[in-house]
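See below for the structure under consideration.
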Amino acid sequence: MSFARRQEQILAMKAASAPASGGGHTRTAAVVPSAAADQLPIPTGNTPAARNAATVALRFRHDRQRLKQIKSKELKVAAKRQMLPEYQAWCDGLLDAGRRVEGRQLDPTGADDVLPSIMVWCLDVGDWTRGLMLASFVLRFSIPMPKHFVRDAATLVLEEIADAALRAQARSEAFPLYVLEAVELLTDGIDMHDEPKAKLFKAIGAELVRAAGEATGDAIVPTIERAMAVLTRAQDKNERVGVKTMLRGLEKAKAAVIKNFDANPSPGVPADANASTETQAGDTAG
């Protein structure tokens, strides 16, 4: 059964036609027909799949025009958050159809720009879980990003989440480690520039430093060593990524823990290791 037929069956049940809103292995991108700027190819035919694709494509074009009229980044994010639920059924239908496809090739949907764009919107509003779910689909099937995006999908997803984590850490706020590790796993083996990867490793390392500060007993030294290994990878990728202060703090903390462990079985991590996460923003060159 073709993807279009599967999509037709799934979308007929799941994707309601709502009115417009008021919103290494080297993987290669698929080639799609060019279209005029701000226009999406509208499928022809009178099937449920074609009608749903046309509805979603027109809604998306309308919502993009609305976003272009908003100047404030904060207001844009708020508008995207309001628009996103209207695309959930469409994206869920594609995800369900993708699970039934063997291999890594899909037929065109007629609204191929929508799902990767919604993926980006999810990242913009901080819905990391949903964004990564869509990213996995995009990367599995090598769905190209719309023309107005400069970065490929893998680099965009990795860098957007890494940057969000580094901003949070610069404010001394924690960022979900499982999200960062999911990005690392998702993009493993994909060819990209070293600088984005270095930022991801730095962000992971900073969260591991935080975890080391909260560890007790036998978990302290392994957590410190894991943090050091990830931060060293960041340093190897980009010497100016700004992790040298954290590495020095971890080395001192590890030595202190080993020295004092016999006297105090739960010594904790010395304060200088945790303090290094607060100074990382200014440690641009080490």
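The values are calculated or read from the model by the stated rules, or taken from the named source; none is laboratory data. What you see is a predicted model; the values in this text were computed from it and never measured. So basically every Cβ, Gly included, is an ideal-geometry build from the backbone, and we count neighbours across all protein chains shown. To get the accessible areas, we keep the full protein, side chains included, count just its heavy atoms, and leave off ligands, DNA and RNA. Shrake-Rupley method; radii C 1.70, N 1.55, O 1.52, S 1.80 Å.
A few comments on the model shown:
- Residue-level analysis places residue 144 outside the set of residues that are of a type outside the set (S, T, N, Q) and within 24 Å of residue 74 (Cβ to Cβ).
- When restricted to residues that are surrounded by fewer than 20 Cβ atoms within 10 Å (Cβ to Cβ), assigned to a helix (DSSP H, G or I) and in contact with a helix residue (DSSP H, G or I) (Cβ under 8 Å, 6 or more places away or on another chain), the stretch 167-178 contains 2.
- The stretch 40-80, residues that are in contact with a helix residue (DSSP H, G or I) (Cβ under 8 Å, 6 or more places away or on another chain), among the β-branched types (Val, Ile, Thr) and at pLDDT 85 or above: 56, 70, 77
- Flag if residue 135 is at negative phi and open to solvent by less than 20 Å² (accessible area, probe 1.4 Å): yes
- Hey, residue 4 among the aliphatic types (A, V, I, L, M), within 20 Å of residue 137 (Cα to Cα), at pLDDT below 50 and outside any loop (DSSP other than H, G, I, E, B) or not: yes
- Within the stretch 70-118, tally of residues that are surrounded by fewer than 19 Cβ atoms within 10 Å (Cβ to Cβ), outside any helix (DSSP H, G or I) and among the charged types (D, E, K, R): 5
- Any hit, the stretch 207-215, residues being within 24 Å of the chain's Cα centre (by Cα), of a type outside the set (Asp, Glu) and surrounded by fewer than 15 Cβ atoms within 10 Å (Cβ to Cβ): no
- Taking the criterion of being open to solvent by 40 Å² or more (accessible area, probe 1.4 Å), closer than 15 Å to residue 197 by Cβ and part of a helix (DSSP H, G or I), the only residue of the stretch 138-162 that qualifies is 160.
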